[in-house]
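Asks: Please read through the structure below; I'll follow up with questions.
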Amino acid sequence: MKVLVTGGSGRVGGYVLRDLLRHGHAVSNFGRTPPLVNDIPHSAGRLWQVLDDLISLGVNALHPIEAKAMDIYDLKRRYGQKLAIFGNVDLGYTLEDGQGTPEAVRAEVRKQIKELAPGGGYGLASGAGLTRYVKLENFLAMRETLYEYGTYPIGV
């Protein structure tokens, strides 16, 4: 069936689009902005149950991958050929004031680059935004380690 959805770029319209597409309908969107399914969705949370749906809708990247919500290494193994993934430096521990140290940040960043960057499709980022309580020296350690090890060919 051919279906025209008005407002398919909004929250409710996005769900309607996904459901119609999943059921095999030919869908056109009429709205002020492009549908959200063409964007990199903010994906903080557990998405295992909807990943195949998102991919079938044309999503090809997820940002951010939170360490406490999804195992980014498992995600890369299972979906690395279909999705670009961003994130996973743990905001709640490694970067947090009073818990993480610059040395711990460097170690986590090196590990992620070494294990996730080969083959492409990985972008280093925090597991969420950068908040006020992230120590500047931890952020700078993340950035400097990325600059040192995060270019191809990967040499960690």
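Asks: Beta carbons within 10 angstrom, averaged per residue: use that to sort the peptides 146-156, 51-61, 117-127, highest first.
Replies: 117-127, 51-61, 146-156
Asks: Cross-link list Lys82/Lys111; Lys76/Lys135; Lys68/Lys111: which exceed 20 angstrom alpha carbon to alpha carbon?
Replies: Lys82/Lys111; Lys76/Lys135
Asks: Averaging sequence separations of C-alpha pairs under 8 Å and six or more residues apart, then dividing by the length of region 40-149, give the relative contact order as a whole percent.
Replies: 28
Asks: For Gly100, list long-range residues whose amide hydrogen, built 1.01 Å from N in the peptide plane, is under 5 Å from its own amide hydrogen.
Replies: Correct list: empty.
Asks: Compute the distance in nm between two label points, each set 7 Å from the Cα along the Cα-to-Cβ direction, one at Lys114 and one at Lys82.
Replies: Output for this residue pair reads 3.0 nm.
None of the figures in this text is laboratory data; all of them are computed from the coordinates on show. In this text the structure is predicted, and so the values were computed from the model without any measurement. When we count neighbours, we look across all protein chains shown, and the Cβ atoms used for this are built from the backbone with ideal geometry, even at glycine.
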